[in-house]
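Just so you know, all these numbers are worked out from the coordinates, no wet-lab data involved. As the structure is a computational prediction, the values presented were derived from the model and not from experiment. Quick reminder, even Gly has a Cβ in these numbers, built from the backbone with ideal geometry, and neighbours come from all protein chains shown.
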Amino acid sequence: MLYESQRLLGEYLLLHYGNGRHLPHAALTVSNMLTETPFPVRCVNELLDVSMLPNDATALELGCSVGASSFELCRTCSRVEASDYSNSFITAARMLQKEGRLETDLVVEGLIREPFVAEVPAGIDRERVNFSVADATDLPSTLGNFDVVLAANLICRLADPDKFLTRTASLVKPGGQLLLTTPFTWLEDFTPLNRWIGGFDQLHRSEEELKCRLAGEFQLHRRRDLPFLIREHERKYQLGIALGTSWIRK
């Protein structure tokens, strides 16, 4: 499976825990904003309205990858349930929870590697998170509902995005927040064409299709463009711009 490889694990550990010292090549002229604060942390900081959280708020993150946004949610939530479909990602997240750090290596070029240490920021109560392997489109009916539900760059990696979006209303408490980010990178390797949320002609743009699907149960609260940078090796990067939205459950 794509998300079980050691190479991908290194890339996502860097995306979640790297910064300006680790991520960009010296010749890569990008804003410090893009590299100094990891993308998963920015997803939480820019979309979550902390002023609306109750005491002892609970959170659910689906597609948590290697856990940086889950740990960030621990700053304001007393309990965080976090899951991902990838066994290797969850194994790494649990190790970070236990030890606070995880040594890995990154591709420089070809077979050449360099060491990298992912570290959870100090001051976070890592015990607030429970990590598990789960399919975001096949969640247990007993999961309950939460004050915050986060799905970062998940929608366009699901085989059935509508199945997930239909379930979100039951996962978010009334008055709670649904936080979504997605670059809308529709690929038939992940999502059959007939299940894309827009993207197949000019009359069906993905952002508008997403709004149509959520408007009945949610009210749009915030909208942000959230750029992110994935380092494949020393001289190759993926630059994406996720659409970030936060929604209030009616």
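Here are some notes:
- The relative contact order of region 107-188 comes to 31 percent, based on Cα pairs under 8 Å that sit 6 or more residues apart.
- Loop-resident sites, region 97-166, for chymotrypsin sites (Phe, Trp or Tyr not before Pro), counting at most 10 other Cβ within 10 Å (DSSP): none
- Set of aspartates and glutamates near Lys250 by C-alpha distance (under 16 Å), chain-local residues within fewer than 8 positions excluded: Asp49, Asp147, Glu217
- Cβ-Cβ FRET estimate between Glu119 and Asp49, R0 fixed at 25 Å, reported to 0.05: 0.35
- In summary, the aspartates and glutamates within cross-link reach of Lys211, defined as a Cα separation below 14 angstrom excluding same-chain residues under 8 places away, comprise Asp162.
- Set of aspartates and glutamates near Lys163 by C-alpha distance (under 13 Å), chain-local residues within fewer than 8 positions excluded: Asp135, Asp138
- Mean separation of Cα contacts under 8 Å (6+ apart) over length of region 1-127, as relative contact order %: 25
- Helix-only [θ]222 nm of the chain, DSSP H runs n ≥ 4, -39500 (n - 2.57) each, per residue, nearest 500: -7500 deg cm²/dmol
- Shape call, region 24-163: gyration tensor on alpha carbons, a/c limit 1.5: prolate
- Restriction of the GluC sites (Glu not before Pro) in region 215-250 to DSSP coil positions whose beta-carbon has at most 15 other beta-carbons within 10 angstrom yields Glu234.
- Within the chain, percent of DSSP bridges classed antiparallel, to nearest 5: 60
- GluC sites (Glu not before Pro) restricted to region 80-189 and DSSP loop, no more than 12 other C-beta within 10 Å: Glu188
- Gyration tensor verdict on region 83-208 (Cα atoms; rounded if a/c is under 1.5, prolate if a/b is larger than b/c, oblate otherwise): oblate
- Kirkwood hydrodynamic radius computed over the chain comes to 18.5 Å, based on all pairs of distinct alpha carbons.
- Shape of region 108-170 from the C-alpha gyration tensor: oblate (a/c of 1.5 or more and a/b not above b/c, with a ≥ b ≥ c the square roots of its eigenvalues).
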